[in-house]
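Working notes for the structure below.
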Amino acid sequence: MKRCLDLVLVVVTAPLWLPLMCAVALAVRFKLGKPILFRQPRAGFHGLQFELLKFRTMTNARDPQGRLLPDEQRLTPFGRLLRSTSLDELPQLYNVLRGDMSLVGPRPLLMEYLPRYTPEQARRHEVRPGITGWAQVNGRNVLSWEEKFRMDVWYVDNRSIWLDLKILWLTLRSVLARQGISAPGEATMPEFMGSNSDTK
């Protein structure tokens, strides 16, 4: 049922998001150049790796030693606009069509985080990752890592079609209000180093 809901919603709304995606792609090409898409390995269902797609929001600016500058220095005003409106997430609809992701579920995180989870936190991988989720409509990046993971596991234990529809509605409201885009003092979220090191 969940997979069917994903496919129906993505296909039915295609006339809305396809033109928007094309417009954003052109804007990214004009503002930031190539590549238009940001691709990164992420942990999916059962922790299996897949390639996450997003519109690029940062420059490739580097220091004199050739190392990428910190995120907050590479994130442009245009990139901040894409993130605050969640337009950078639009390419993940292709991840949903491909079966890597669901519309609703715990957000897919970096592969290197896998050994840092507690057994309870790792349960977030018992479902497909989502474009939005319970943590995203209850604070997003303002939450600490541990708070996010508790909400992810709560979703795993309480998931239903009706809960997914509620989360989708709350996501739309949150995006329009541009709430919880980044953690205080960070471009997005600080790196997760494990629960014993998490002081957020």
| task | Among PHE38, PHE55, PHE30, determine the one that fluctuates most according to a GNM of the chain built with springs between C-alpha atoms less than 10 Å apart. | result | PHE30
| When ranked by the protection proxy of mean other Cβ atoms within 10 Å per residue, highest first, what sequence do the peptides 79-91, 111-123 form? | 79-91, 111-123
| query | Given a Förster distance of 22 angstrom, what is the FRET efficiency for GLU120 paired with LEU170, based on the Cβ-Cβ distance and rounded to 0.05? | reply | 0.35
| note | accessible surface per residue for region 59-126, probe 1.4 Å, DNA/RNA/ligands not counted, whole Å² -> 48
| Amide H contacts of GLY133 (H built 1.01 Å from N, under 5 Å, at least 5 apart or other chain) | GLY105
| Surface share of carbon and sulfur [accessible, 1.4 angstrom probe, percent] for region 1-104 | 67
| request: For the chain, give the share of DSSP beta bridges that are antiparallel, in percent and rounded to the nearest 5; count only bridges with both residues there. | output: 85
| Magnitude of the Cβ-charge dipole of the chain, K/R +1 and D/E -1, about the Cα centre, nearest 20 debye? | 540
| query | Among the lysines, which have Cα under 26 Å from the Cα of LYS166 when same-chain residues fewer than 8 positions away are ignored? | reply | LYS2, LYS54, LYS148
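The values are calculated or read from the model by the stated rules, or taken from the named source; none is laboratory data. Just so it is clear, the model here is predicted, and its values are computed rather than measured. Every residue, glycine as well, gets a Cβ built from its backbone with ideal geometry; the counts of neighbours run over all protein chains shown. When the accessible area is computed, the model is the full protein with side chains, heavy atoms only, and any ligands, DNA or RNA have been set aside. Shrake-Rupley method; radii C 1.70, N 1.55, O 1.52, S 1.80 Å.
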